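Each remark here refers to the structure printed beneath this line.
The values are calculated or read from the model by the stated rules, or taken from the named source; none is laboratory data. What you are looking at is a predicted structure, and each value in this text was computed from that prediction instead of being measured. Cβ placement follows ideal geometry from the backbone for every residue including glycine, while neighbour counts extend to all protein chains displayed. We work out accessible area using only protein heavy atoms, side chains counted, and drop any ligands, DNA or RNA first. Shrake-Rupley method; radii C 1.70, N 1.55, O 1.52, S 1.80 Å.
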Amino acid sequence: MLSARNIHKRFGALEVLKGIDLDIADGKVTTIVGPSGAGKTTLLQILGTLSSPEAGGRVLYDGVDVTTLSDKKLSAFRNRNIGFVFQFHQLLPEFTLVENVAMPALIGGAAHRDAIGRAEALLDRLGLGDRAGHRPSELSGGECQRAAVARALVNSPRVVLADEPSGSLDSANRASLHRLFFELRDELGATFVIVTHDEGLAADSDAVIRMADGRIVGIETNQKHN
């Protein structure tokens with residue numbers, strides 16, 4: 001479903017990615033692991049169209065090379081097809097939880113009633129229905145991260161990309177968030193690509209991509225899930 005070919009990325013004289021080729025399976029949880037500085041976040045940003053590879057690199061969704069799209073078409077594609085979850089939830093403090101979750105749908109042109117309805121349904125599913133009217137400052141870190149997952153899912157994207165989504169959470173909330181990813185994979189057929197330092201999450205995932213020094217050094221498939 002999601003493929004990358006010949007991905008290189010430089011920042012000045014520093015080559016961060018040194019020729020990445022990979023394929024991400026549909027409806028699976030794939031983790032990307034490796035030491036700091038391996039290029040994991042840069043790769044995730046390129047997969048999510050937030051950054052562009054060097055000339056010759058290609059990112060394909062179902063065979064469509066998104067690196068060829070105009071900025072306007074790329075923004076629309078990203079809004080419809082890609083959800084993002086970051087290490088820190090990045091909820092907007094002046095809006096309620098339900099308004100934050102509905103935001104990508106509203107940006108995508110959904111009617112206000114439809115967007116709010118979708119957001120409320122997701123918050124209910126994630127155990128946050130009674131918190132919908134609260135602002136982020138009134139919630140725990142774990143609740144905010146679950147809301148960030150709801151926001152990522154509100155447009156029913158093809159793939160959810162997560163960058164150290166549990167890195168700021170305590171062990172109990174971390175375990176809860178990880179369970180949620182697998183539940184959503186099973187219930188919704190959602191595809192997750194997760195950059196993580198958590199080897200426990202990696203061990204439970206469907207596939208593990210190991211990176212070092214800007215390259216993929218190993219890909220492991222969890223036979224339990226295949």
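Things worth noting here:
- When the chain is described by a simple charge dipole with +1 on each Lys and Arg Cβ and -1 on each Asp and Glu Cβ, the residue from Gln90, Val208, Thr41 located farthest towards its positive end is Thr41.
- When a 1.4 Å probe is rolled over the protein heavy atoms, the share of accessible surface on the chain that falls to carbon and sulfur comes to 50 percent.
- Here the chain is assigned +1 on the Cβ of each Lys and Arg and -1 on the Cβ of each Asp and Glu. Its dipole about the Cα centre then comes out at about 520 debye.
- Angle in degrees between helix 97-107 and the longest Cα principal axis of the chain, rounded to the nearest 10: 60 degrees
- Degrees separating the helix 112-125 axis from the principal Cα axis of the chain, which is the longest one: 80 degrees
- Accessible area per residue for the stretch 101-226, computed on protein heavy atoms with a 1.4 Å probe, is 45 Å².
- Candidate lysines for bridging to Lys18, where Cα separation is under 28 Å - those fewer than 8 sequence places away on the same chain excluded: Lys9, Lys28, Lys40, Lys73
- Across the stretch 9-14, coupling constants 3J(HN,Hα) worked out from phi with the 6.51/-1.76/1.60 Karplus curve, θ = phi - 60°, read 8, 10, 10, x, 7, 8 Hz, and Gly and Pro carry x.
- Simple point charges give the picture: +1 on the Cβ of Lys and Arg, -1 on the Cβ of Asp and Glu, and for the stretch 151-192 a dipole about the Cα centre of about 100 debye.
- A helix-only calculation puts the chain at -11000 deg cm²/dmol for mean residue ellipticity at 222 nm, using -39500 (n - 2.57) for each DSSP H run of at least four residues, averaged over all residues.
- Between Asp62 and Leu50, the simple spin-label model (points 7 angstrom out along Cα→Cβ) gives 2.4 nm.
- For the chain, the longest principal axis of the alpha carbon atoms and the long axis of helix 171-188 meet at an angle near 90°.
- Beta bridges per DSSP with both ends in the chain, % antiparallel, nearest 5: 55 percent
- Accessible area expressed per residue, the stretch 23-93, with surrounding protein chains retained (probe 1.4 Å, Å²): 48 Å²
- Positive-end residue of Gly218, Leu169, Ala150, charge dipole of the stretch 146-226 with Cβ unit charges: Ala150
- Efficiency of FRET between Lys72 and Ser3 - r from beta-carbon atoms, R0 22 angstrom, step 0.05: 0.40
- Cut-off 12 Å, label 7 Å out along Cα→Cβ of Ile107, residues of the stretch 37-67 by amide N: 50
- Net charge over other residues, Cβ less than 13 angstrom from the Cβ of Pro53 (K, R count +1; D, E count -1): +1
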